[in-house]
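For reference, the structure discussed in these notes is given below.
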Amino acid sequence: MKKIIAMILVAMLTMACFGAVAEEKKVLTVALSPDFAPMEFIDTSKSGQDQYVGFDVTLAKFIADELGMDLEIKAMSFDACQTAVQTGSVDLAISGFSWTEARAENFYLSDYYYAGDNETEQVIITTADKAGAFSTADDFSGLTVGCQDASLQADLCNSQLPTDCTIKPFKAIDDAILSLMSGKIDAVAVAKGNADAIIANNDSIALSGFEFEVSAEAQNNVVLIQKGNDELLANVNACLAKAYDQGLYAVWYEDAKALAGIETAAEVTIEDEATEAPAEEETPAEESSDEGAED
Amino acid sequence: MSFETICSNIVKIMGEYWYIFLVKGVGITLLLSAITVAFGAILGSLFALAKMSRIPPLRWLVNIIVEVVRGTPILLQLYIGYFIVPQLLPFMEVSDFTSIAVALVINSAAYVSEIIRSGIQAVDRGQTEAARSLGLNGGQTMLRVVLPQAVKNILPALGNEFVTMIKETSLASTFYIGDLMTSYLAVKGRTYLALECQLIVGAIYFVLTFTLSKLIGLYERRLKSHD
């Protein structure tokens, strides 16, 4: 009997070891939550590492290339991404993270990187029949607004919407959208680029007309790095500066939007007449990062 | 959100993404749950043996593991499996799939050990007494008399564990393992049609579990006919 047990244990150990492959070239592991078009989402026609696409994925590839490493993307839910960095099971999390105070306390945050109107504009979307019916935060009093849990939008809702407005956190934005469509909640707070992707895929949803006031430090995205890893922080910041200098952000963002099936430029609504390319110069990443440092 | 739109959306989604759901998703879900149940059964048997052993510390240890696993949410166990296990084993590279599978195996083993223990203990004590008085020793009694009868109690319950695991593996999608629920996340992330995708995977899960429990029922009846 003991022999049998020993054999089984050995068999299980060898099975476990199959996962162990010694790799020579260094791998940069990046966590992201691919449910956030156009920043990161899954291209269902591909598989393996290639299936993850979007702005942040392009950025991750750029950083890996610059550092001479292979990129490995680890997809997981948004809250798990933060745990992954904290526990050190990935090197970076690049998943459309905005700067928030709590994050700054628990992680090293990179300099800002620019992600088009996805972050500079934070909006509330609602059902098509109420399109444009909201202009001020007070219009939401007595209503229920959904948002992604532990996100910038959750912070914005809590700080800018009236107190008698119920704020309902969701694990994923899609669940909030579903609640909106089935009439359980009245509106959903999302980033503008995300809102475009949602509306492009869904006739029954429209912009509410309300836009959050977004502070300078929240207008751009940051990369999450484990606290204490100064070398990686410096490397990532150097990569971001390079990408900014080469004017790559706007190109990546347009590509990502096209991949996500969002009508670009002309279709983009309201006062977004300013074309995409100069928009980058208007929000220089360096400048806003300096502002952030002063705060 | 009318019924017709939902139906036409489902048809549209299935037309475009059937491969993601039916091949990729179903494949990984079945693979993951089969691995979980197979290794869960092996480890669960060891747990059951330890629980019934005469060495108190071993009994305590396994009891603690089983109670903790049964008393905490499986999502938490997956987090621990995904984040902590690879750190405990820094000398080898544990793939995502492996770490999730390990967490699920331990979870399944806890339940299986109870199934096996109760299956063995459900065999009438008189059987053991009769075997012993006929001169068989403890090991022979277990192997020749008790276990063959216990298996009849255990196998159907193990089958049900498999059915349960098919559904439980859906939680692994938190880490985009590629199972059926990951397919759901991928497609809904693309189409923003959460309800339709949810209904599609729901139907697939039902077909899987229903077929399986019917098969188990069939097998159970065959076992009974030998009585």
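The values are calculated or read from the model by the stated rules, or taken from the named source; none is laboratory data. These numbers come from a predicted model, not from an experiment. Note that each Cβ is placed from the backbone with ideal geometry, even for glycine, and that neighbours are counted across all protein chains shown.
Quick notes on this one:
- Selection of the range A:58-85 for residues being away from chain B (no Cβ under 13 Å) and part of a helix (DSSP H, G or I) yields A:58, A:59, A:60, A:61, A:62, A:63, A:64, A:65, A:66.
- Here the range B:205-227 is the region considered, the condition is being in contact with a helix residue (DSSP H, G or I) (Cβ under 6 Å, 6 or more places away or on another chain) and at pLDDT below 85, and the residue that is farthest from residue B:182 (Cα to Cα) is B:223.
- If you filter the range A:226-252 down to residues that are out of contact with any Asp or Glu (no Cβ under 7 Å at 6 or more places or on another chain) and buried (at least 23 other Cβ atoms within 10 Å of the Cβ), you find that the one that is nearest to residue B:186 (Cα to Cα) is A:252.
- Residue check, residue A:46 basic (Lys, Arg), more than 14 Å from every other protein chain (Cβ to nearest Cβ) and without any contact (Cβ under 8 Å) to a residue 40 or more places away in the chain: no
- Scanning the range A:86-106 for residues that are in a helix (DSSP H, G or I) and either away from chain B (no Cβ under 14 Å) or within 15 Å of the chain's Cα centre (by Cα) (or both) gives A:101, A:102, A:103, A:104, A:105, A:106.
- Residue count for the range A:203-218 satisfying the condition of being more than 21 Å from the chain's Cα centre (by Cα), surrounded by fewer than 19 Cβ atoms within 10 Å (Cβ to Cβ) and not in a loop (DSSP other than H, G, I, E, B): 1.
- Against the test of being acidic (Asp, Glu), surrounded by fewer than 24 Cβ atoms within 10 Å (Cβ to Cβ) and at pLDDT below 90, the options A:164, A:149, A:129 yield a single qualifying residue, A:149.
- Residue that is nearest to the other protein chains (Cβ to nearest Cβ), among those in the range B:147-198 that are assigned to a helix (DSSP H, G or I) and among the acidic types (Asp, Glu): B:196
- Sole residue being within 22 Å of residue B:30 (Cα to Cα), more than 14 Å from chain A (Cβ to nearest Cβ) and among the β-branched types (Val, Ile, Thr), chosen from B:116, B:65, B:74, B:100: B:74
- Positions within the range A:162-174 being over 16 Å from residue A:41 (Cβ atoms) and touching a helix residue (DSSP H, G or I) at 6+ places or on another chain (Cβ under 7 Å), in sequence order: A:162, A:165, A:167, A:169, A:170
- Per the listing B:84, B:64, B:100, the residue uniquely in contact (Cβ under 8 Å) with a residue 12 or more places away in the chain and part of a helix (DSSP H, G or I) is B:100.
- Within the range A:107-126, tally of residues that are in a loop (DSSP other than H, G, I, E, B), touching a Ser or Thr at 6+ places or on another chain (Cβ under 7 Å) and crowded, with 24+ Cβ neighbours inside 10 Å: 2
- For residue B:94, the stated conditions hold: it is hydrophobic (A, V, I, L, M, F, W, C), without any contact (Cβ under 8 Å) to a residue 24 or more places away in the chain, crowded, with 16+ Cβ neighbours inside 10 Å and not in a helix (DSSP H, G or I).
- Test: residue in the range B:21-37 that is facing chain A (nearest Cβ under 10 Å), part of a helix (DSSP H, G or I) and surrounded by fewer than 18 Cβ atoms within 10 Å (Cβ to Cβ): no
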